[in-house]
1. Which pairs turn up if I take residues in the stretch 293-306 that are farther than 13 Å from TYR258 by Cα and look for partners that are in a loop (DSSP other than H, G, I, E, B) with beta carbon separation below 9 Å, at least 6 apart in sequence or on another chain?
2. LYS649 is checked against (1) modelled with pLDDT under 90; (2) out of contact with any Phe, Trp or Tyr (no Cβ under 7 Å at 6 or more places or on another chain) and fails just one. What number does that condition carry?
3. If LYS727 satisfies all but one of (1) touching a helix residue (DSSP H, G or I) at 6+ places or on another chain (Cβ under 6 Å); (2) not in a helix (DSSP H, G or I), what's the number of the condition it fails?
4. Name every residue in the stretch 256-289 that is outside any helix (DSSP H, G or I) and either among the charged types (D, E, K, R) or touching a residue at least 24 places away in the same chain (Cβ under 8 Å) (or both), in order of residue number.
5. Would you pick out the residues in the stretch 481-504 that are charged (D, E, K, R) and either part of a helix (DSSP H, G or I) or farther than 24 Å from GLU748 by Cβ (or both)?
6. Being among the hydroxyl-bearing types (Ser, Thr, Tyr), surrounded by 20 or more Cβ atoms within 10 Å (Cβ to Cβ) and farther than 25 Å from PHE91 by Cβ narrows it down to one residue among TYR185, TYR143, TYR124; which is it?
7. So ASP751 passes all but one of these: (1) closer than 22 Å to MET698 by Cα; (2) under 24 Å from the mean Cα position of the chain (by Cα); (3) in a helix (DSSP H, G or I). Which condition number does it fail?
8. Got a number for residues in the stretch 505-534 being assigned to a helix (DSSP H, G or I) and of a type outside the set (D, E, K, R)?
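The values are calculated or read from the model by the stated rules, or taken from the named source; none is laboratory data. Note that the structure is predicted; figures quoted are calculated from it, not measured. Cβ coordinates were reconstructed from backbone atoms using ideal geometry, including for glycine residues, and neighbour counts include every protein chain displayed.
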Amino acid sequence: MEPKAAKYIFIFCLFLTEYLLLSDFNDVLSEKKLYFISPKLGLEMIPTTKNIFLIFSFIFNLSFSFGQELNNEKKGVDKEITRFIDSSRVFFNSSEYDKSLEKAKKALSLALKHNDNRQIAITYNLIGLNFSQVADDGNAIDYFNKSLIYATKIQNDTILSWVYSNLGNLYAFNKKDAETGIKYYLKAINHSENISKVEYLYNLVNLATTYISIESYEEAQALLLEIKPHLHEFKTESELKYYYYYLTGNYHEWHKFYALAEENYLKAYEICLQKAKNFPNSHELEIYKLLTGFYKKTNAIDKSEKFAHKSDSLQKVLQDLEQNENIRLLRQKIEKEEVKSRLVKVEAEKEIQDQKFNNLKLLSILVIVVFLATLLLLYYQFKLNKIRQITNEELTHANEALLVAKEKAEEATLLKTQFVSTISHELRTPLYGVIGITDIIETEHKELENSPHLKALKFSANYLLALVNDVLKVHKFEENRVVLDNNLFDIEEKLYTIKDSLMVIAKKHRNKIVVEVDSKIPQFVLGDSIRLSQIIINLVSNSLKFTTDGTVTITAKLESQEAHLVYICFTISDTGVGIPLEYQDKIFEKFVQINRKEDDYQGTGIGLSIVKNLVTLFKGTISLQSEENIGTSVEFTIPLAYEKDSQEKPINKTDNPLLDEFGLKVLLVEDNKINQMVTKKLLENNNYTCEIADDGFMALELLKNTTYDAILMDINMPKINGYETTKLIREQGIAIPIIALTAFEREEVYDTAIASGIDDIIAKPFDTRKLLQMIRKYSSES
């Protein structure tokens, strides 16, 4: 029934009911049966049986007419969703994935709004297909799984068959995980066996393709023999025939039946030339490439060149469709559409409720003479609903504002983390080359050991590394990820080492560095010597850059002593320009620089911020006193542990050379040529044998024929990264120790590395001795 017709029926029922009610009212009034006076309630009306029947008749007709309208609206929406889905499939088959996703997005929005589980499942599957085609496997799997949820709700075997088949394709071909792909194909076959013969045959083709890819040709041939008798039944299924001939050709080529292989390949080629409706363009490129290789293999050079030319031409056309950016934007829209779907659903329900309320209001007006008390009750109910509606709208707006604020905060945190990670990797990789080559030159050319140029190069490289680490440490402090180490060290020896390392800066401004150590301080203390050194180096460097023809004094004084704890006060004072009073409170903030001139020492302004954070980490205190043109003094006090009976420095294995009398054999998996050269030289200079693999696939080939004592694995490589390479090595049952070499922070990659089978991690640039120790440790354990 059309909406207009339903409205006419409604109006007719309205007038008919009103007429009958009035007629009945007059009849009963004349018989004096209808009214009586109550001392408590006043005038009351008792409806007769005929009145009640007419009212229910009216409500029934009203409900029927609006039910018809809603039914007609649903049919219209179903048609619109189907139209969007069909359009998306057409664009998908022509490799126009951005347009396909746009249509699928519109279908998904409508399906979610109207809670149509079947259409939702179909649309999610279609979106997953688009993402799988552009190798966005993570999003593809997410959307396929969403489709499975909705398809399982309605127990739709057809959609379940589609999704399991698509998941099989993704794992078998995108992720190269044939075992998982086969599991999904078997599920797809199970669902399609009793619903659609053609769907069942396509699933057999997918499974056969996977068997071919892992060279299980006999299993594939058994499936192809099952498919062959049914080819004549489905003449319009061009893609089914294409795959049958294509795979049959693969099987014959494997058996070296080249004539049969060529015959089947050409049949597949002919199907491509027919360009059937919805036939993917990618198959044409696929067969061109296959025939190019096949004819080259069988020495038919003219034919090989012919198909090579066709392949190049078609590939250029397909590559011109650069749609990745559009797809990324559409993915964001789709994800936002899902978030908004609940709001859309709520609005739709609200609209229905409003319509019902209007109907109820109209009905109330119709029976107001009969049910005066009911009208009053409905009036109060209406007021209550309005208050709830306003309250709900206010809560909705507040929730939306909170959601936006949360998303912005998460986005800012993610951007900062990505920036720090990128800085770490991009700067540490070349620094590894510079520092490594400097060490090699120093080792191989003893005559340059005292060269000022070599020392300057080494100092500059180490300073640049320290600068990078400063930036990263600020990020770590903000995330509370810095933990102090414990090692035994001599404070006086450490202070003189710092003095010697900073003499290059001191001489530049004609400064002197003086070290004064309280004799009451125990010779050896226990704490984090590296971070203590960093505090002092930052403070002394800061004093040196603002002092000319002056003196910088480093003083260590015992302030107090407990059972196993000493409190040592360190003072770094200078005779420099001093710090203006208005800046002294800000000097320990990030990126603050005072009295900056063109010839000043170039720094980031984060050193003193790190100093303050490190002193706090030591559970110490820090203060500053300064006067312009007189000098500055920074004083900090920290607690350090000590042993009363410890008078001699313990032997540290890392102080001894790690030269092996016997050579260990190491495989280095690294794509950067400079890093290859540096790491290989460092290993060979310590009597190690080193072989190099440019990528993970080459490493897997070398491991087939050669045994190594250890593997050094770069994480960030093209083709296949270090995690995936390690997984493949472990899947082959190879238990050789694998140590990851990475320019990323160790904490960032630790969990992922260990989960993939890597034994340990060392960050570039690394201490050669620490690397050699690690190799010896794990190779001896294995």
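1. Going by the 9 Å Cβ cut-off, the qualifying pairs are SER304/THR298.
2. Tallying (1) modelled with pLDDT under 90; (2) out of contact with any Phe, Trp or Tyr (no Cβ under 7 Å at 6 or more places or on another chain), LYS649 fails exactly one: (2).
3. Here LYS727 meets the rest and fails (2).
4. So in the stretch 256-289, the residues outside any helix (DSSP H, G or I) come out as 256-257, 275-280.
Correct list: LYS256, LYS275, ALA276, LYS277, ASN278, PHE279, PRO280.
5. Filtering the stretch 481-504 for residues charged (D, E, K, R) gives 481, 485, 490, 492-494, 499-500.
Those that are charged (D, E, K, R) and either part of a helix (DSSP H, G or I) or farther than 24 Å from GLU748 by Cβ (or both): ASP490, GLU492, GLU493, LYS494, LYS499, ASP500.
6. On the way: TYR143 fails: farther than 25 Å from PHE91 by Cβ; TYR124 fails: farther than 25 Å from PHE91 by Cβ.
That would be TYR185, the only listed residue that is among the hydroxyl-bearing types (Ser, Thr, Tyr), surrounded by 20 or more Cβ atoms within 10 Å (Cβ to Cβ) and farther than 25 Å from PHE91 by Cβ.
7. (1)
8. Of the stretch 505-534, the ones assigned to a helix (DSSP H, G or I) are 505-508, 529-534.
Filter again for of a type outside the set (D, E, K, R), leaving 505-506, 529-530, 532-534.
Total meeting the criteria: 7.
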